[in-house]
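Report on the structure given below.
Every number here is computed from the coordinates shown, using simple stated rules; none is lab data. Because the structure is a prediction, the values reported are computed rather than measured. Here Cβ is always computed from backbone atoms with ideal geometry, including for glycine, and neighbour counts include all displayed protein chains.
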Amino acid sequence: MQDVYKMTVDLNVLEHLGINLYSNIAAVLTEAVANAWDADAEKVEINVDSETKFIEIKDDGVGMSIGDMNDKYLRVGYRRREEDPKTGQWTEKERPVMGRKGLGKLSLFSIANVIEVQSAKNGEAHGLRMTVDGIHESVKNKEKHYSPEPLPQDQIDVTNGTVIRLRDVKRQRLGRGTTALRKRLARRFSVIGEKYGFQIFINGEPISPADRGDLSIVQFLWSFGDKTPYISSAGQLMDSESLPARLVDWDNDWAVRGWIGTSRFPKQLDSDDAGNLNSIVVFARGRLIHENILDKLNDGRLYTKYLTGQIEADFLDSDDAPDIATSDRQRINEDDPRYTRLISFLKTQLTQIEKRWNEWRRLHEVEKAKEISPALVDWLNLLPEGFRKSAETLIAKLSALPFDREEDRLLMYKHGILAFERMKLRGSADELAKNVNDISKLLAILADRDSLEASLYRDIVKSRLDAIKDFQGMADDNAKEKVLHKYLFDHLWLLDPAWERATASAVMETRLTDEGVITDDMTEREKLGRVDIAYRTNAGKHIIVELKRVQRKMRLLELQEQGQTYVDKLKKILLAQNEGSPNIEVVFVLGRPIDEEGDNPERLKSSMAAVSPGSRIIHYDTLIKGAQEAYFEFLEKGKELDKLEKIVGSI
């Protein structure tokens, strides 16, 4: 039957698959190095001259004949694994073949306008020159194929293997220089070094696994399978363990090798030369197949900011399964079942890694902190067992924060201890330790109203201890009046522990003075009758407190009349401020009891209620005794506070 339909490939495809597909020099050179590996080369030399915009890639592999050049190298889409029955899947040196699609050689056009290829095989040396302009001209003329220009024999200098020379390299594609190129190429192959019989040189200097720059900053490491990483380059390693290399339901030949590690500081993973080291690269058959699978795990927990790693999963590129890689071989088809099962495996292992990371970090960072500041040991020993683990977590996280100066770290320890003690009072110590690295959550904790009040803990305790100690030392009535006059109006917690935030109002006191409630021109009799009077507010409540002299004997009717006068005048002032039903309390502080307290308590109760709900009488001795009992815990805390101040002062 005569063919009715025919598929053709236009030369325009070269623009999409080569000239416009790759964007960075490391990805392009990866294709050339992979071809050298597949050619059983033991040495690949890359020479870069940024000034002349020239790059040379030379290998000592098996080379190509003119037939190989035409049928394999110049043939776009040559599928070696399927078409070469002898060395399609494994080379003569039993290396797994990296190439698959037959498109990688086109990547050279994305960085250079002129490409020369020379190769020698069986004593025959030959070469050609390709240009981007030449390809464009063939496309313009609608030619069926592009014919590279043969190199004159006197320009051919290759004696074995293959030499690729890139001329007129696009300067913006040269990247950051040879140092960066060395590191980025090192992170694209897991088969570099004498162990694999495969060495790569850049401008005469060999690339080693240490050039990857990740193991050297790893503090904790988890390895998969029998293949251990180059531990000798892990100079900061403090702990490591092995993890399973496969899930139980995987095929028998499926396994993961390699390692995952964590740095001490996230900023150590930020490398201009090596790229983003906060990543987990995936290799298959010794070459990069996924630049950063960590981004695909959708795990936003803190520990991920410290992660780096390299894993090998050869089952992603098995010969008997469809090609899983994208055209530029930097990413993976994410719908492929092999990929989804790898993601599930990594999520399972990372859960274990996070748990161990928290344990190791707390252990090692706390020990480091203790070495820096021995006073931390004293503080941790003061804490109850239930708080110690959270405190160690806090110290570990503070220790792991990057500081340019050691004095700043010590200052952070001081603030951390004080913050922990404040949060401990509010039951928020665990939350503080948990969120010290999360700025938004940490600010929310510290900005919480209760926590803000707790931040004044040390000052509150100190002032209350001073007041109560003064009470304990009082021996006569005159001393009682002096102490109460000094503290009571500024510390209404002595009257009612709930009145923590009672505040004065200068405007209101002025108006009360105008109304005659608070006056500076008292008669001598009035001066003998009371010590002072003050106005405060607390949580919507208006409080008038009057202190009477200790020895003065008061009558109930007299107190009721005074209290009612205060309430009436205060209501008048507040009504003018649009507060029609104010909550007012009048408190009389007396030295001697009034008669009704003993013989008619109901009358006393109703009289005070008639002044305003909540109004009452309290006595000096009762006040002192109540303060001592209510704040007994503060007396005990004072001893702890003294120890804490000594510790903080010694850091």
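Structure above, values below:
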| read-out | value |
| --- | --- |
| Proximal aspartates and glutamates relative to K643, as straight alpha-carbon distance under 12 Å, when same-chain residues fewer than 8 apart are discounted | D378 |
| Under 5 Å, built H, 5+ apart or other chain: amide partners of S279 | G309 |
| Relative packing of peptides 286-295, 80-89 - highest average C-beta neighbours within 10 Å first | 286-295, 80-89 |
| Note, ³J(HN,Hα) from phi for the range 79-96, Karplus 6.51, -1.76, 1.60, rounded to Hz, x at Gly and Pro | 9, 4, 4, 9, 9, 9, x, 8, 10, x, 10, 9, 6, 4, 8, 6, 8, x |
| Net lengthening on full extension, N47/E149 (0.36 nm per residue, minus Cα-Cα) | 34.4 nm |
| Residues whose placed amide H lies under 5 Å from that of T326, excluding near-sequence neighbours | R331, I332, N333 |
| Cross-link pairs beyond the 29 Å C-alpha cut-off, checked among K43/K140; K72/K296; K389/K646; K482/K571 | K43/K140; K72/K296; K482/K571 |
| Packing-based order for 104-115, 156-167, 369-380, using average beta carbon neighbours within 10 Å, highest first | 104-115, 156-167, 369-380 |
| Label-zone membership for the range 57-88, site K195, 7 angstrom Cα→C-beta point, backbone N under 14 Å | none |
